[in-house]
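The values are calculated or read from the model by the stated rules, or taken from the named source; none is laboratory data. All figures in this text were calculated on a predicted structure; none of them were measured in a lab. Ideal geometry is used to build each Cβ from the backbone, glycine not excepted, and the neighbour counts take in all protein chains shown.
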Amino acid sequence: MMRQVTRAGSTVLILVAALYHPGVAAAHGGASGEDDPCLRRVGERVVHFSAYQPQYELKGQYCTDIPKEGDTFLVVDLVDPALRSEPVGMRVVKGNGDNAAEDQIVADFRPSTHPDGVLRGEGRLDEGLYTVTIASEKQNLMRRPQYLLRVHMIDYQKLMRSVVAPLIGVLLLGLLVYKLVRSKWLRNWWAVLRS
């Protein structure tokens, strides 16, 4: 009986730890290649997008969810060496790109060559949705890499994971304690200790 309780307790603790810290496995820094949400592939060409806000967090690197509004450094790594000799540009538009007539251009970095492989820009991003489009003069316009940025917006999926997962862990732990308290084994053990 004690082995079963120990196994159940260990399982619950591992489950609570895994649910309470889902970012450990899903963090951007640990992602590589196909798993990286900031990496875009257009045919054989590869680009990587990052956004930085050093005024808030010096080492913070973001891709699609930017926590605060304000001045933001936008960096595109031209992973494919062939892109470094082509003119490549970037456009940041407020909106999700569905209605081009209503979208407002926030920053427009005209196509130029980037021998160092890095396209840099800066723009002020207020709260809302933005579309970042990276374009090469030689690329088909329908196949341009795009990133949808959420600036200073609540991500309800992450909120649910951060609140519901620990709550489920606590409920499972409570159920385990309840079952343990109600077990005959514990009552017998307690009776032996009293006598």
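Can you pull out the residues in the stretch 122-134 that are crowded, with 17+ Cβ neighbours inside 10 Å and more than 20 Å from Glu86 (Cβ to Cβ)? Matches in the stretch 122-134: Gly123, Leu125, Tyr130, Thr131. Filtering the stretch 100-121 to residues that are of a type in the set (Asp, Glu) and loosely packed, with under 14 Cβ neighbours inside 10 Å leaves Glu102, Asp108, Asp116. Answer yes or no as to whether Glu57 is of a type outside the set (Ser, Thr, Tyr) and modelled with pLDDT under 80. No. The set of residues in the stretch 36-47 being more than 17 Å from the chain's Cα centre (by Cα) and either on the phi > 0 side of the Ramachandran plot or outside any loop (DSSP other than H, G, I, E, B) (or both) consists of Arg41, Val42, Gly43, Arg45, Val46, Val47.
Is one or more of the residues making up the stretch 150-166 within 25 Å of Asp36 (Cβ to Cβ), at pLDDT below 85 and touching a Pro at 6+ places or on another chain (Cβ under 6 Å)? Within the stretch 150-166, one or more residues are within 25 Å of Asp36 (Cβ to Cβ), at pLDDT below 85 and touching a Pro at 6+ places or on another chain (Cβ under 6 Å). Might you let me know whether the stretch 126-148 holds any residue that is free of Cβ contacts under 8 Å to residues at least 60 places away in the same chain, part of a helix (DSSP H, G or I) and within 30 Å of Val76 (Cα to Cα)? Yes, the conditions are met somewhere in the stretch 126-148.
Among the residues making up the stretch 48-81, a single one is in a strand (DSSP E or B) and touching a helix residue (DSSP H, G or I) at 6+ places or on another chain (Cβ under 7 Å): Leu78.
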